[in-house]
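Visitor: Here it is: the structure, laid out below.
None of the figures in this text is laboratory data; all of them are computed from the coordinates on show. It should be emphasised that the depicted structure is a prediction, and the values quoted were computed from it without experimental measurement. Positions of Cβ are generated from backbone atoms using ideal geometry, with glycine treated the same way; all protein chains shown enter the neighbour counts.
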Amino acid sequence: MREIVLDTETTGFEPAEGHRIVEIGAIELLNHMPTGRTYHQYINPERAMPKEAFEVHGLGDDFLRDKPLFAQVGQAFLDFIGADSRLVIHNAGFDMKFLNAELGWANLPALPMERALDTVAVARRKFPGSPASLDALCRRFGIDNSAREKHGALLDSELLAEVYLELIGGRQPDFGLSTDASTQQSAESTAWRPTPRTSPLPPRITEAEEVAHAAFVEGLGDVAIWKRFA
């Protein structure tokens, strides 16, 4: 199963108010294991970066001015996530709202909400009443987030991938091993089926052992279980 853990950074909270995406980061998982494939893109929002957004993301107008527009990278983003991979997102409604707004402005197909798995909702079901922010979940699972001084889409995706794997049951002993080898081994093991023997196995008891056993049973008398079920 292929999954994409992703995060976006934006200039604000509502695309309907003219706010735009400034960064996308995504991590590919295959059978719940990172493959090493990532997608990372800074985007020119075509508007001034609000002060409060700059303080959160550390991305300023000068840095973003020469970055591509979303319309120039939107198809590459869609190509990376694929047509049916599950999208693992923290507070999925927010990111999906912005992604679909940007895709619509670029005349690209929207992403169905049912493709998204919201890890905030998963965390709240698993730990009702507890904080469900990414930082809080990193603390709960002992995940090092010391590098998260500013919100960055790729770093947050990497942290979320670790949190997600803990939320669904923890890392497996073979975490990080080659998925190709494990998939091949699984296919080989499930393909094997037992078949009837062409000839029975030869007896391993010797003639002397058979005679000794018969004498032993005879000495037990008529109550011997071997006689009752012979």
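Visitor: Pulled fully out, how much extra length does the chain show between Met113 and Ile205, if you take 0.36 nm times their separation in residues and subtract their Cα-Cα distance?
Guide: Details: separation 92, 0.36 × 92 = 33.12 nm, distance 6.83 nm.
Using 0.36 nm per residue and subtracting the Cα-Cα distance, I get 26.3 nm.
Visitor: Based on the Cβ-Cβ distance from Asp135 to Glu55, what FRET efficiency comes out when R0 is 22 Å, to the nearest 0.05? Numbers along the way, then the final one.
Guide: Working: r = 16 Å, r/R0 = 0.75.
It comes out at approximately 0.85.
Visitor: On full extension of the chain, what length is gained from Glu17 through Phe94, given 0.36 nm per residue of separation minus the C-alpha to C-alpha distance?
Guide: Working: separation 77, 0.36 × 77 = 27.72 nm, distance 1.40 nm.
In short, 26.3 nm is gained.
Visitor: Got a sec? How would Met33, Met113, Met1 order by Cβ neighbour count within 10 Å, fewest to most?
Guide: Values: Met33 20, Met113 13, Met1 8.
With the sparsest Cβ surroundings first, the list reads Met1, Met113, Met33.
Visitor: Using just the C-alpha positions of segment 54-94 as equal point scatterers, what log10 of I(q)/I(0) does the Debye formula give at each q in 0.15 1/Å?
Guide: One equal scatterer on each Cα of segment 54-94 leads to -0.61.
Visitor: Separate question: Using the number of other C-beta atoms within 10 angstrom as an exposure proxy, rank Lys51, Lys126 with the fewest first.
Guide: On the way: Lys51 8, Lys126 13.
Lowest to highest Cβ neighbour count: Lys51, Lys126.
Visitor: What is the mean projected area of the alpha carbon convex hull for segment 2-172, to one decimal in square nanometres? Write out the running numbers ahead of the final one.
Guide: Details: hull surface 39.5 nm².
Result: a mean projected hull area of 9.9 nm².
Visitor: Listing Ile89, Ile21 from the residue with the fewest other Cβ atoms within 10 Å to the one with the most, what is the order? Could the numbers behind the result be given before it?
Guide: On the way: Ile89 26, Ile21 23.
By the 10 Å Cβ count, ascending, the order reads Ile21, Ile89.
Visitor: Measure off 7 Å from each Cα along the Cα-to-Cβ vector at Ala71 and Arg2, then give the distance between these two points in nanometres to one decimal.
Guide: Between Ala71 and Arg2, the simple spin-label model gives 2.8 nm.
Visitor: Further question: Could you compute the FRET efficiency for Arg125 and Asn31, with r as their C-beta to C-beta distance and R0 at 22 Å, rounded to 0.05?
Guide: Details: r = 23 Å, r/R0 = 1.04.
Computed FRET efficiency for Arg125 and Asn31 comes out at 0.45.
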